[in-house]
1. Taking region A:45-60 as the region of interest, how many residues are open to solvent by less than 70 Å² (accessible area, probe 1.4 Å) and over 13 Å from the mean Cα position of the chain (by Cα)?
2. When region A:3-33 is examined, which residues are found to be within 14 Å of another protein chain (Cβ to nearest Cβ), on the phi < 0 side of the Ramachandran plot and in a loop (DSSP other than H, G, I, E, B)?
3. Please go through region A:68-77 and pick out each residue that is outside any loop (DSSP other than H, G, I, E, B), surrounded by fewer than 19 Cβ atoms within 10 Å (Cβ to Cβ) and either within 14 Å of chain B (Cβ to nearest Cβ) or not small (Gly, Ala, Ser) (or both).
Protein chains: 2
Amino acid sequence: MPDPGPDPAQARAEVEAVNAAFYAAFEQGDLDAMGALWLDAPDTVCVHPGAMPVRGAGAVHRSWALVMAHTSYIQFFLTDVEVSLRADVATLTCTENVLTGDDRTGPDVFGGAKALATQVFVRTPDGWRLWVRHAAPVLSDADDDDE
Amino acid sequence: MPDPGPDPAQARAEVEAVNAAFYAAFEQGDLDAMGALWLDAPDTVCVHPGAMPVRGAGAVHRSWALVMAHTSYIQFFLTDVEVSLRADVATLTCTENVLTGDDRTGPDVFGGAKALATQVFVRTPDGWRLWVRHAAPVLSDADDDDE
């Protein structure tokens, strides 16, 4: 198995920081910040919840413009953040506890939606970048008795 | 960016073959074959549709025993299979068009369920192994007009 690099603990911290920046960009509706976090490659993939994959950095960027245009308010409380490393690739899974609002519900109403995200990052000379994201709803089940 | 290896086309074919073996093992309820396809590591992850992640090769194996015990009939028609490579890691996305049956419905009834799977494979001395799987339902939307 390839070595995860000279300092796995540092790599994990870097990946978690990029992941946190991803959610901050989403919450703030900052499309430029969001775009800068993704790998600029034709095989970059984003699976928005319930949707088919969006493929290619350009298409992924446009999809975020659309998502942000339709999101008036969103806030994430991340739990179960787990990072795994293999050489220059990192996978991260986390539970997205989502707080949303629209014109009728204020931002103080907890939507209670929960999603599970799998994010795959690649190490580049400029830092870790998002290569693949797959987000999907979590249904209540036996594993999930914390609400 | 790391080179995907001496022969990317061969690597893609190998990954697709392991992916096909995964679905064959699921369809046949062959738990041994399924278990052999996964990376034997504590950071192996499987996200069954709508569920929280199962982490660790042993727990993933037990989860498949449970899934298989509750599946009387399942058949997959895969579409949109796409493989991407970075060094010794491959990501694969595919649409799972699912045919299922239970005691009441015969296997000739098309369930019509559709899921999207993201699978991450790692190259080992024994071949490519599943490191992370995230499967989730696809809802009908504008991107999906082929049914």
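1. Within region A:45-60, residues that are open to solvent by less than 70 Å² (accessible area, probe 1.4 Å) and over 13 Å from the mean Cα position of the chain (by Cα) number 9.
2. Residues satisfying the conditions are A:ASP3, A:PRO4.
3. Within region A:68-77, A:MET68, A:TYR73, A:GLN75, A:PHE77 qualify.
Every residue, every condition in (1) facing chain B (nearest Cβ under 10 Å); (2) over 22 Å from B:ASP43 (Cβ atoms); (3) without any contact (Cβ under 8 Å) to a residue 12 or more places away in the chain; (4) not small (Gly, Ala, Ser), yes or no:
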{"site": "A:GLY35", "(1), (2), (3), (4)": "no, yes, no, no"}
{"site": "A:CYS46", "(1), (2), (3), (4)": "no, yes, no, yes"}
{"site": "A:ALA87", "(1), (2), (3), (4)": "yes, no, no, no"}
{"site": "A:THR91", "(1), (2), (3), (4)": "yes, no, no, yes"}
{"site": "A:THR95", "(1), (2), (3), (4)": "yes, no, no, yes"}
{"site": "A:LEU99", "(1), (2), (3), (4)": "no, yes, no, yes"}
{"site": "A:ALA117", "(1), (2), (3), (4)": "yes, no, no, no"}
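The values are calculated or read from the model by the stated rules, or taken from the named source; none is laboratory data. Note that the structure is predicted; figures quoted are calculated from it, not measured. Using ideal geometry, Cβ is built from the backbone for each residue, glycine included, and neighbour counts are taken over all protein chains shown. Quick note on the areas: whole protein, heavy atoms, side chains included, nothing else; ligands and nucleic acids left out. Shrake-Rupley method; radii C 1.70, N 1.55, O 1.52, S 1.80 Å.
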